[in-house]
Amino acid sequence: MSDIDRIIIAGGGPIGTLTGLRLARHGIPVTVLDRLDKPAEDHRAATLQPSTLDLFAPMGLTDEILRQGLISPMFQWRDRETHKAVAEFDYGYLKDDTAFPYVVQIEQHKTVNIAIAAARKEPLFQLIRSIDVFDVSQGSDWVEAKARHEDGSVEVFRGRWLIGADGGRSVVRKEMDVSFDGFTWPERFNIVTTTRDLEAAMGFRLRNYCAHPERWVSLMKVPGEDFEGLWRCVFPAKSDETDEEVMSDAWITARFAECLAPAGECEIVHRNMYSVHQRVAGAFYKGRFALAGDSAHINNPIGGMGMNSGFQDGLNLADKLAEIWKGADAEPLLARYDRQRRLTAIEYVQAQSIANKRTLEERDPKVRAANLDNLRRMAADKESHRDFVLRSSLIAMYRKSEMIE
């Protein structure tokens, strides 16, 4: 085997790591390059949907995820003006559709570490950290990635195929010279965590979406590093509020007071502000380059769909590259990957996450009332309820993707 006989993955986050693990188990040498010295522990995606748990189970990952995570079988939509639940949705409606009729809430870096522990047992899996891919190129039968070590030295990696799992600012996507169509939301999000037990204090489920025309909030519980539990609260910042103001104790305390006043004082453990985008790449492959996860599509976090759809991308792509590695014609398989994953990213992830956010923030009183009434009706009707959680869980997306030829 020559040095070029491998697949290179730019990005060792959740999608890159899982994709690399799948490739190694297909018997393909894989090198994953990541710029960080360890998985990022800032507060990122933390929901694993039933569709993801179904995909992870045959890979032997689910037991450890269940051990480290919180099982959340239900989620609520609430009206923050009244502080009351509007509708409650139960993943139990999916008991005939999945082996896991619930979500697991677990911090992203824990999921990555579980995957890395499994991948390190594979002799064909290589993970190189603290190395930043800054340039990529390809020829008729090769790819090349130039990466810079922390000491400034540059190393060149060559392979047969290159997967861009390197996030929203993907070097691979930019070299592909494809569009990244969509928009950026005008407000920023501030993710704040607190140790306050909001489940007991406010009667929340472990996942909650609280609608309000000015100050909506999304709240969910994660295990925390000590497994004592942390509540993660997503607050939107108004466009005229400065970054300094939004990150201040005073601003955050005011947000807690607005929607969580009965809970008493909430200790601020962590805060992280960022801009939010809704974008999909114009193509998910070009030649010997392919995209998966945030490099291919990004969306707002309401509903926990981005990382989970990225797992579907990565495992789908790995299986197709395995066929190609064994002699199958590349073009039709990668074209099918593009059709399957790009179209469903638009139809499910983009559409649902945008709809979720607009329901949360609707300002027109009549439209707002109609939206909340619609949620009540869906929750009360068995068929509508199941359809809603099929979409929310991304089971519907996975099924649609698999049907696309």
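The values are calculated or read from the model by the stated rules, or taken from the named source; none is laboratory data. Everything numeric in this text was worked out from a predicted model, so none of it was measured. Methodologically, a virtual Cβ is constructed for each residue, glycine included, from the backbone with ideal geometry; neighbour enumeration extends over all protein chains shown.
Quick notes
Let's see how each residue does on (1) among the aromatic types (Phe, Trp, Tyr); (2) free of Cβ contacts under 8 Å to residues at least 12 places away in the same chain; (3) more than 18 Å from residue 74 (Cβ to Cβ):
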{"site": "204", "(1), (2), (3)": "yes, no, no"}
{"site": "209", "(1), (2), (3)": "yes, no, no"}
{"site": "221", "(1), (2), (3)": "no, no, no"}
{"site": "233", "(1), (2), (3)": "no, no, yes"}
{"site": "277", "(1), (2), (3)": "no, no, yes"}
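- Residue ID - farthest from residue 312 (Cα to Cα), chosen from residues in region 34-52 that are buried (at least 24 other Cβ atoms within 10 Å of the Cβ) and aliphatic (A, V, I, L, M): 46
- Cβ separations smaller than 7 Å between residues 6+ apart or across chains give the following pairs from region 311-339 residues that are of a type in the set (D, E, K, R) to residues that are at pLDDT below 95: 336/405.
- Checking each residue in region 217-259 for being surrounded by fewer than 18 Cβ atoms within 10 Å (Cβ to Cβ) and among the hydroxyl-bearing types (Ser, Thr, Tyr) picks out 239, 242, 248, 253.
- The residues of region 169-202 that are out of contact with any Ser or Thr (no Cβ under 7 Å at 6 or more places or on another chain) and part of a loop (DSSP other than H, G, I, E, B), listed by number, are 169, 177, 178, 179, 195, 196, 197.
- Selection within region 57-78 - crowded, with 22+ Cβ neighbours inside 10 Å and either without any contact (Cβ under 8 Å) to a residue 60 or more places away in the chain or basic (Lys, Arg) (or both): 78
- Within region 79-94, the set of residues being surrounded by 15 or more Cβ atoms within 10 Å (Cβ to Cβ) and small (Gly, Ala, Ser) comprises 85, 87.
- Answer from 358, 399 - the residue that is modelled with pLDDT of 95 or more and either touching a Pro at 6+ places or on another chain (Cβ under 9 Å) or not aromatic (Phe, Trp, Tyr) (or both): 399
- Residue in region 305-319 that is surrounded by fewer than 18 Cβ atoms within 10 Å (Cβ to Cβ) and at pLDDT 95 or above present: yes
- Checking each residue in region 1-35 for being touching an Asp or Glu at 6+ places or on another chain (Cβ under 8 Å) and at positive phi picks out only 11.
- Residue within region 148-156 that is surrounded by 17 or more Cβ atoms within 10 Å (Cβ to Cβ) and either in contact (Cβ under 8 Å) with a residue 12 or more places away in the chain or of a type outside the set (Lys, Arg) (or both) present: no
- The set of residues in region 212-241 being modelled with pLDDT of 90 or more and among the hydroxyl-bearing types (Ser, Thr, Tyr) consists of 218 alone.
- Condition check for residue 337: at pLDDT 95 or above, touching a helix residue (DSSP H, G or I) at 6+ places or on another chain (Cβ under 7 Å) and assigned to a helix (DSSP H, G or I): yes
- Residue, farthest from residue 220 (Cα to Cα), within region 1-24, restricted to residues that are of a type in the set (D, E, K, R) and buried (at least 19 other Cβ atoms within 10 Å of the Cβ): 6
- Residue within region 376-389 that is modelled with pLDDT of 95 or more and in contact with a His (Cβ under 8 Å, 6 or more places away or on another chain) present: yes
- Within region 242-261, residues that are farther than 11 Å from residue 215 by Cβ and modelled with pLDDT under 95 reach partners that are outside any loop (DSSP other than H, G, I, E, B) and among the small types (Gly, Ala, Ser) with beta carbons closer than 6 Å, at six or more positions or on different chains, in the pairs 246/237.
- Scanning region 276-293 for residues that are under 12 Å from residue 349 (Cα atoms) and surrounded by 24 or more Cβ atoms within 10 Å (Cβ to Cβ) yields a count of 1.
- Selected residue (criterion: farthest from residue 83 (Cα to Cα)) from residues of region 248-294 that are aromatic (Phe, Trp, Tyr) and part of a strand (DSSP E or B): 289
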